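Contents: one structure, followed by commentary.
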Amino acid sequence: MGNLNKIALVTGGSRGLGRNAAVALSKKGIGVVITYNSGKENAETVVREIENGGGKAAALQLDASEVASFDEFAAKLRDVLKEKWDREQFDFLINNAGFGINVPFTEATEEQFDSLMNVHFKGVYFLTQKLLPALADNGGIINISSGLTRFSFAGNSMYAAMKGAVEVLTKYWAKELGGRGIRVNVVAPGAIATDFGGGSVRDNEAVHGFIRSQTALGRVGQPDDIGGVIAALCTEELSWVNAQRIEASGGMVL
Ligand code: NDP
């Protein structure tokens with residue numbers, strides 16, 4: 001019953017890995033606030049799915065690249081926590097929202113760089129900072145990185161570098177927030193079949209075959225391979241795991 005009345009905030013919970021994590025968290029008895037950027041209907045579907053399963057959930061709009069909007073978002077989050085859970089704080093922040101741009105180094109633009117940086121690095125940094133007063137002591141933060149920080153597939157220099165930055169800040173936050181009992185870890189998924197990157201891991205047979213050939217377990221990842229890892233990190237059993245990069249890739253590029 002350790003999860004009773006615990007709450008997680010999952011950014012980008014309207015689709016893909018965030019959606020899967022939100023459902024997995026709710027199955028552990030953890031309440032979930034998901035955010036969506038443009039997919040309001042998708043988000044409402046996720047909330048219904050969780051509530052039909054006996055869980056508690058809410059959805060809020062967030063553009064994770066708009067630092068100027070974070071104060072307003074924090075205020076809306078406070079209202080939802082009060083209304084739905086009668087709490088002032090939440091327990092776990094899952095920084096998941098994001099998208100990919102695959103482009104050769106020679107062709108990459110400043111605009112692409114800024115758009116990736118604003119969501120994957122700057123947005124993560126300042127959203128987390130802004131939400132720290134609302135994050136309960138002894139809670140946790142889980143950042144989402146990528147297998148691409150350990151191995152390199154051409155065309156991912158900007159994207160993977162942003163994820164590398166998130167891995168570095170994970171360690172620093174763990175050090176600075178440990179006094180409040182807050183654990184900070186980073187999950188690095190391998191290639192997972194979602195809408196990500198135009199859905200190529202899911203829909204493109206050539207990409208599929210390549211990933212399979214590079215993966216010890218011989219298949220591409222599915223959202224179910226990741227959501228449970230994120231949810232497990234929010235349990236008592238893993239409460240001594242801190243400042244770690246946990247790769248969930250089925251053993252890619254060993
Ligand atoms: P999806 O494309 O399936 O889902 C992306 C989610 O992020 C959606 O909920 C979307 O919201 C939200 N989002 C996108 N841009 C923004 C933004 N500017 N502000 C707020 N929310 C935004 O991607 P995945 O689920 O596959 O990816 C989730 C995370 O996992 C990302 O950080 C990605 O980098 C990482 N990752 C993915 C891998 C993969 O192979 N799939 C591998 C390794 C890491 P909406 O639809 O409402 O606009």
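What aspartates and glutamates does K40 reach when the alpha-carbon gap must be under 17 Å and sequence neighbours fewer than 8 apart in one chain are set aside?
Correct list for K40: E49, E51, D63, D195.
Around M252, which amide H atoms from residues at least 5 apart in sequence, or from another chain, sit under 5 Å from its own amide H, with H modelled in the peptide plane?
A216
If you roll a 1.4 Å probe over the chain with all protein chains in place, what percent of the accessible area is carbon or sulfur?
Details: 6290 of 12250 Å².
Solvent-exposed carbon and sulfur of the chain make up 51 percent of the total.
May I ask you to evaluate 6.51 cos²θ - 1.76 cosθ + 1.60, the Karplus curve with θ = phi - 60°, for each residue of the stretch 117-132 and list the ³J(HN,Hα) values in order in whole Hz, giving x for glycine and proline?
For the stretch 117-132, the Karplus curve yields 5, 5, 8, 7, 10, 5, x, 4, 4, 7, 5, 4, 4, 5, 8, 4 Hz.
Full extension from S213 to R78: what is 0.36 nm times the residue separation minus their Cα-Cα distance, to one decimal in nm? Walk me through the numbers on the way to the answer.
Details: separation 135, 0.36 × 135 = 48.60 nm, distance 4.66 nm.
Stretched out fully, the S213 to R78 stretch lengthens by 43.9 nm.
Once phi is turned into ³J(HN,Hα) by the Karplus curve 6.51 cos²θ - 1.76 cosθ + 1.60 with θ = phi - 60°, what whole-Hz value does each residue of the stretch 230-245 show in order, with x for glycine and proline?
5, 5, 4, 5, 9, 10, 4, 4, 9, 6, 9, 7, 8, 6, 10, 9
Over the chain, average the accessible area per residue using a 1.4 Å probe and give it in Å², no decimals. Let's see the in-between values first.
Numbers: 12250 Å² over 254 residues.
I get 48 Å² per residue for this part.
Estimate the FRET efficiency between F151 and K175 by the formula 1/(1 + (r/R0)^6), using the beta-carbon distance for r and 30 Å for R0, to the nearest 0.05. Don't skip to the end; give the middle numbers.
Working: r = 27 Å, r/R0 = 0.90.
Result of the calculation: an efficiency of 0.65.
Give me the extension gain from Q244 to T106: residue separation times 0.36 nm, minus the current Cα-Cα distance, reported in nm with one decimal. Kindly include the intermediate steps, with their values, before the conclusion.
Numbers: separation 138, 0.36 × 138 = 49.68 nm, distance 3.31 nm.
Once the chain is fully extended between Q244 and T106, it gains 46.4 nm.
Please compare each pair in K82/K130; K82/K163; K27/K82; K28/K130 to a cut-off of 29 Å on the Cα-Cα distance and tell me which ones are over it. Working shown, then result.
On the way: K82/K130 18 Å; K82/K163 33 Å; K27/K82 22 Å; K28/K130 27 Å.
Table pairs above 29 Å Cα-Cα are K82/K163.
Taking the Cα-to-Cβ direction at E236 and at A206 and moving 7 Å from each Cα, how far apart do the two end points lie in nm?
Taking the simple label geometry, E236 and A206 are separated by 5.2 nm.
The values are calculated or read from the model by the stated rules, or taken from the named source; none is laboratory data. The structure displayed is predicted, hence computed values, not measured ones. Positions of Cβ are generated from backbone atoms using ideal geometry, with glycine treated the same way; all protein chains shown enter the neighbour counts. Each accessible area value is taken on the protein alone, full model and side chains, heavy atoms only, with ligands, DNA and RNA left out. Shrake-Rupley method; radii C 1.70, N 1.55, O 1.52, S 1.80 Å.
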